[in-house]
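Here's the structure we're looking at; comments come further down.
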There are 2 protein chains.
Amino acid sequence: MTGKNDAAGGTGLSPGIEAAWGLRDRPVKGPKPGLSVDRIVAAAVGVAASEGLGAVSMGRVAKELGASTMALYRYVSAKEELYLLMQEAAMGTPEPLPALESGAGWRAALGEWAWAQRRMFQRNLWALRIPIAGPPASPNSVAWWEQGLQALRGSGLSAGTRISVVLLVSGFVRNEATLMSDVAAAVEEKGVPAEEFMARWERTVRRLVDPVRHPELAGLLGTGVISEPDGPDHEFEFGLARVLDGIEVFVRREAG
Amino acid sequence: MTGKNDAAGGTGLSPGIEAAWGLRDRPVKGPKPGLSVDRIVAAAVGVAASEGLGAVSMGRVAKELGASTMALYRYVSAKEELYLLMQEAAMGTPEPLPALESGAGWRAALGEWAWAQRRMFQRNLWALRIPIAGPPASPNSVAWWEQGLQALRGSGLSAGTRISVVLLVSGFVRNEATLMSDVAAAVEEKGVPAEEFMARWERTVRRLVDPVRHPELAGLLGTGVISEPDGPDHEFEFGLARVLDGIEVFVRREAG
DNA sequence: CGGTTCTGCGTATCTAGTACGCGCTACCGC
DNA sequence: GCGGTAGCGCGTACTAGATACGCAGAACCG
């Protein structure tokens, strides 16, 4: 009840997070901090990016910074908090959308938004391996939402519906990206190259498919459609187009 | 090169998994096993269902069975393998779809398929918390795929496209369910009831939203749309309808 | 300048996964 | 029937990793 540092407001955020979000001011007494939350997060992100999320341990990050493990706990209250901050760093501030500025219509804007999100995930596949703690509430995720909602400005949809649409699209993007992340992680863990990995996977599927109980799959396996991916973006493009089509049908219906 | 137990076939599956899938026969020498993979998996699933996936440790499961921790390793080569088997158990064999039998058309069938999948996840929210190892290749996931493909029989879509559609829909379902699972896990971890949890979350969002940089969100927060969920199925129904609409547009275009 | 507040970090604890090897059991072929 | 052998249960021990606790010293207060 006294101002910025009041915990009774009850955001449920930990002190470390609030500090990082700029919701809390740094004290002024004691010795100068030798580290900073930013440096710690950057180091952790570096490790995750080069060796996978699994390589991120408190000790490893500390070593990266030339500090002791326990020193990190002065800046971050737990590993989960570090995860949160890493996620936030990965997400970054969304880039401005050309279609939004030019007033090109909600569909173009939403499409760009989806692609931007995908690019963001692609750059940080490790982020999708972080075990989720709950619904997102962080500066950057808020910024992304805002942008998604802005894309729907001209759609004529109601407030509640706009939220649903944003949820649908970002869910789609996230899911697509997660698939890539899963494969990437599996490939990284075993030392196997991606092709060999997929070949092995297909062989397993073949072994499990019974022509009698699985006629459709058996047919597909015959045609070889499975083993020939149409480029990394193909599924995404297809899915996004379907989703946007579906939304468009709805927008037309509401408007008409 | 000698038959069923030949590892040179290279499915990449571990022995324990192959045994569980029935791809490998039980040896006949030695003492009778006191446990079984099935009982172990059942115990693990029980723990996960009642106390969350986090409570599943080798020791905990063993205790549940009145065995020692290490005894489990005779049946399961590692915890990750146990996870896989648990996932498989959760998935189960898909129920038959009425719309499929009655020839009600691909849209009805695909819709039913999606709902069935959602029910399955809902019954086993813990399964969605299992860190994914790679692309799914197991008897039950194969059975689910098959069913999805069958739903698209009358659609006139090409083989490759049918796969994409199945991927899109199951991805949507999975993503939706994952959101619920995340919330459920967070609620379970803190001792807080769901409402209090959401309220706290909303307060946090409010604190992060700046009316100037986030006009759309600020507007929404004013209307109170956020805090009034329209029932647990609402988002799912909305999203599924959009996705199916989008697919329908495509099917019509291809057919016409 | 003492007091206060903060820092870095060594030490220790706890949880969990799992390698290893021992002693025992049940079925083999002779 | 009997040694040989494969397979079982599990005690012991090691490892990695998160993190509680407390001390010593630094920076800034009045």
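None of the figures in this text is laboratory data; all of them are computed from the coordinates on show. As the structure is a prediction and not an experimental result, all values here were calculated from the model. Note that we place each Cβ from the backbone using ideal geometry, even for glycine, and neighbour counts take in every protein chain shown.
Worth pointing out:
- Remark: mean inter-chain Cβ contacts per residue of B:198-204 equal 5, using a 10 Å Cβ-Cβ cutoff to other protein chain atoms.
- Per-residue HN-Hα couplings for region B:34-47 [Karplus 6.51, -1.76, 1.60; θ = phi - 60°; Hz; x = Gly/Pro]: x, 10, 8, 4, 4, 5, 5, 4, 4, 4, 4, 4, x, 4
- Relative to the dominant Cα principal axis of chain B, helix B:139-151 is inclined by about 40°.
- Rounded to the nearest 20 debye, dipole of region B:7-91 from Cβ charges on Lys, Arg, Asp, Glu: 360
- Over region B:125-256, the reciprocal of the mean inverse Cα-Cα separation, the Kirkwood hydrodynamic radius, stands at 18.1 Å.
- Shielding by partners - mean other protein chain Cβ count within 10 Å, residues of B:76-88: 0
- Chain lengthening between A:SER14 and A:ALA133 when straightened (0.36 nm per residue, less Cα-Cα): 41.5 nm
- Chain B residue with Cβ closest to the axis mapping B onto A, distance in whole Å: B:GLY246, 2
- Options A:LEU208, A:LEU244, A:MET120, ranked by Cα towards positive dipole end of chain A, top entry (Cβ charges): A:MET120
- Simple point charges give the picture: +1 on the Cβ of Lys and Arg, -1 on the Cβ of Asp and Glu, and for chain A a dipole about the Cα centre of about 800 debye.
- Label spacing, shortest first and in nm, from B:ARG74 to its equivalents in the remaining copies (7 angstrom along Cα→Cβ): 5.3
- Between the residues B:MET86, B:LEU100, B:SER68, the greatest Cα displacement towards the positive end of the dipole of region B:32-100, with unit charges on the Cβ of Lys, Arg, Asp and Glu, is found for B:SER68.
- Computed over region B:44-190: relative contact order in percent, which uses C-alpha pairs under 8 Å that are six or more apart: 26
- Placing +1 on the Cβ of every Lys and Arg and -1 on the Cβ of every Asp and Glu, with nothing else charged, gives the protein assembly as shown a dipole about its Cα centre of roughly 1180 debye.
- Placing a label point 7 Å from Cα along the Cα-to-Cβ axis, A:VAL192 is separated from the same position in the other copies by 4.3 nm, shortest listed first.
- Whole-Hz ³J(HN,Hα) from phi, Karplus 6.51 cos²θ - 1.76 cosθ + 1.60, for region A:175-187, glycine and proline x: 5, 4, 5, 4, 4, 4, 4, 4, 4, 4, 5, 5, 4
- 7 Å along Cα→Cβ, label-point gaps from B:ARG203 to other copies, nm, shortest first: 5.7
- Counting Cβ atoms of other protein chains within 10 Å of each residue's Cβ and taking the mean over peptide A:243-251 gives 6.
- When the listed pairs A:LYS190/B:LYS190; A:LYS29/A:LYS79; A:LYS190/B:LYS32; B:LYS32/B:LYS63; A:LYS79/A:LYS190; A:LYS79/B:LYS79 are checked against a 28 Å cut-off, the alpha-carbon distance exceeds it for A:LYS190/B:LYS190; A:LYS190/B:LYS32.
- Cβ crowding within 10 Å averaged over residues, with B:162-174, B:73-85, B:180-192 ranked highest first: B:162-174, B:73-85, B:180-192
- Each label was represented as a point 7 Å from its Cα along the Cα-to-Cβ direction; for B:LYS79 and B:ALA218 these points are 4.7 nm apart.
- For the protein assembly as shown, the spread of Cα positions along each principal axis, largest first, Å: 74, 62, 40
- C-alpha long axis of helix B:79-91 to longest principal axis of chain B, angle in °: 60
- Neighbourhood charge, 12 Å Cβ-Cβ cut-off, centred on A:ALA241 and excluding it, Lys, Arg +1 and Asp, Glu -1: -2
- In terms of the mean number of neighbouring beta-carbon atoms within 10 Å, the peptides A:60-70, A:197-207 order highest first as A:197-207, A:60-70.
- With the simple spin-label model, which puts each label point 7 Å out from Cα in the Cβ direction, the B:ASP38 to B:ARG119 separation comes to 2.4 nm.
- Per-residue [θ]222 nm for chain B (sum of -39500 (n - 2.57) over DSSP H runs n ≥ 4, rounded to 500): -19500 deg cm²/dmol
- Across q = 0.09, 0.20 Å⁻¹, region A:36-190 modelled as identical point scatterers on its alpha-carbon atoms has Debye log10 I(q)/I(0) values of -0.34, -1.20, in the order of the q list.
- Net charge, B:SER164 excluded, C-beta distance under 10 Å - Lys, Arg +1, Asp, Glu -1: -1
- Peptides B:146-152, A:44-50, B:43-49, B:129-135 ranked from most to least packed by the mean count of surrounding Cβ atoms within 10 Å: B:146-152, B:43-49, A:44-50, B:129-135.
- Kirkwood-type hydrodynamic radius, region B:7-91: 13.4 Å, calculated from all non-identical alpha-carbon pairs.
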